[in-house]
Amino acid sequence: MNFLNRFLYLSVVVMVSFLFLMKTSAFAEDCVQKRTSIQAPDSIYKQVNPFASSPETIAAGEKLYQKEAKPLACVQCHGAKGQGDGVMAKGMTPKPRDFSCLIMMKDIPDGQLFWIIKNGSKGTGMMAFSSLSNDQVWQVVSYIRTFSN
């Protein structure tokens with residue numbers, strides 16, 4: 001391959017890579033959902049999940065998310081893969097939170113997720129899950145985090 005052919009080849013590779021990154025970046029930003037949820041009190045907002053992200057904790061959270069949380073399993077609104085596309089999500093405004101959106105989820109502290117699960121979010125379809133114990137809510141938070149990993 002002569003110099004000109006190599007130069008052209010590398011130029012095309014760089015251009016395609018750039019376009020791919022631009023498209024991926026734009027898509028990633030599209031998943032960010034603006035919310036006006038009340039921020040948890042500082043004492044809770046700053047809390048880190050006390051449960052290690054172990055297979056047992058994640059399995060317990062998955063069981064609650066998929067089937068056992070009351071009054072309604074999380075999967076009904078947030079979907080099986082946490083993308084906010086559950087059967088109950090149709091017609092909801094705003095759409096249920098997309099837990100698979102890493103660019104958004106990395107900025108939501110564990111304590112805020114705990115607070116919203118426990119207390120709900122006014123102005124959205126997110127109801128309070130006050131019947132779950134604190135340990136169960138933390139297990140659900142552990143499971144939710146797996147969607148964006």
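State the number of residues belonging to the range 27-48 that are closer than 13 Å to Trp138 by Cα and either open to solvent by 90 Å² or more (accessible area, probe 1.4 Å) or in a loop (DSSP other than H, G, I, E, B) (or both).
2
Quick one: which residue in Phe99, Phe114 is in a helix (DSSP H, G or I) and closer than 15 Å to Ser142 by Cβ?
Working: Phe99 fails: in a helix (DSSP H, G or I).
Result of the check over Phe99, Phe114: Phe114.
Looking at the range 49-63 only, could you name the residues that are open to solvent by 60 Å² or more (accessible area, probe 1.4 Å), touching a Phe, Trp or Tyr at 6+ places or on another chain (Cβ under 9 Å) and either free of Cβ contacts under 8 Å to residues at least 40 places away in the same chain or in a helix (DSSP H, G or I) (or both)?
Result: Glu62, Lys63.
Which members of the range 64-76 meet the condition of being in a loop (DSSP other than H, G, I, E, B) and either crowded, with 19+ Cβ neighbours inside 10 Å or in contact with a Phe, Trp or Tyr (Cβ under 6 Å, 6 or more places away or on another chain) (or both)?
Hits for the range 64-76 are Ala69, Cys74.
Starting from residues that are touching a helix residue (DSSP H, G or I) at 6+ places or on another chain (Cβ under 8 Å) and open to solvent by 30 Å² or more (accessible area, probe 1.4 Å), keep the ones in the range 111-133 and report whichever is nearest to Tyr45 (Cα to Cα).
Within the range 111-133, the first condition is being touching a helix residue (DSSP H, G or I) at 6+ places or on another chain (Cβ under 8 Å), and the residues that meet it are 111-115, 117-118, 125-126, 128-130, 132.
Next cut, open to solvent by 30 Å² or more (accessible area, probe 1.4 Å) only: 115, 118, 125-126, 128, 130.
Details: Trp115: 8, Lys118: 13, Gly125: 21, Met126: 18, Ala128: 17, Ser130: 17 Å.
In this case the residue turns out to be Trp115.
Which number in (1) in contact (Cβ under 8 Å) with a residue 40 or more places away in the chain; (2) part of a loop (DSSP other than H, G, I, E, B) marks the one condition that Gly86 misses?
(1)
Report yes if Gln136 is of a type outside the set (Lys, Arg), open to solvent by 40 Å² or more (accessible area, probe 1.4 Å) and part of a helix (DSSP H, G or I), otherwise no. Before the answer, list the steps.
Details: of a type outside the set (Lys, Arg): yes; open to solvent by 40 Å² or more (accessible area, probe 1.4 Å): yes; part of a helix (DSSP H, G or I): yes.
Here the answer is yes, as Gln136 does meet what is asked.
Taking the range 77-93 as the search range and keeping residues that are touching a Gly at 6+ places or on another chain (Cβ under 8 Å) and over 14 Å from Phe129 (Cα atoms), which one is surrounded by the fewest Cβ atoms within 10 Å (Cβ to Cβ)?
The initial filter retains those residues of the range 77-93 that are touching a Gly at 6+ places or on another chain (Cβ under 8 Å), namely 77-80, 85-86, 88-89, 92.
Adding the requirement that they be over 14 Å from Phe129 (Cα atoms) leaves 78-80, 85-86, 88-89, 92.
Numbers: His78: 25, Gly79: 20, Ala80: 11, Asp85: 16, Gly86: 20, Met88: 15, Ala89: 16, Met92: 14.
So, considering only residues that are touching a Gly at 6+ places or on another chain (Cβ under 8 Å) and over 14 Å from Phe129 (Cα atoms), the one surrounded by the fewest Cβ atoms within 10 Å (Cβ to Cβ) is Ala80.
From the set of residues in the range 94-108 that are open to solvent by less than 20 Å² (accessible area, probe 1.4 Å) and touching a residue at least 60 places away in the same chain (Cβ under 8 Å), which is nearest to the chain's Cα centre (by Cα)? Walk me through how you get there before you give the answer.
First, pick out the residues of the range 94-108 that are open to solvent by less than 20 Å² (accessible area, probe 1.4 Å): 96, 99, 101, 104-105.
Checking the rest, the ones that are also touching a residue at least 60 places away in the same chain (Cβ under 8 Å) come to 101, 104.
Working: Cys101: 5, Met104: 7 Å.
So, considering only residues that are open to solvent by less than 20 Å² (accessible area, probe 1.4 Å) and touching a residue at least 60 places away in the same chain (Cβ under 8 Å), the one nearest to the chain's Cα centre (by Cα) is Cys101.
The values are calculated or read from the model by the stated rules, or taken from the named source; none is laboratory data. Since the structure is predicted, the reported quantities are computational estimates derived from the model, not experimental observations. Neighbour counts are summed over all protein chains in view; Cβ atoms, including those assigned to glycine, are modelled from backbone coordinates with ideal geometry. Just the protein is used for accessible areas: all its heavy atoms, side chains included, with ligands, DNA and RNA removed. Shrake-Rupley method; radii C 1.70, N 1.55, O 1.52, S 1.80 Å.
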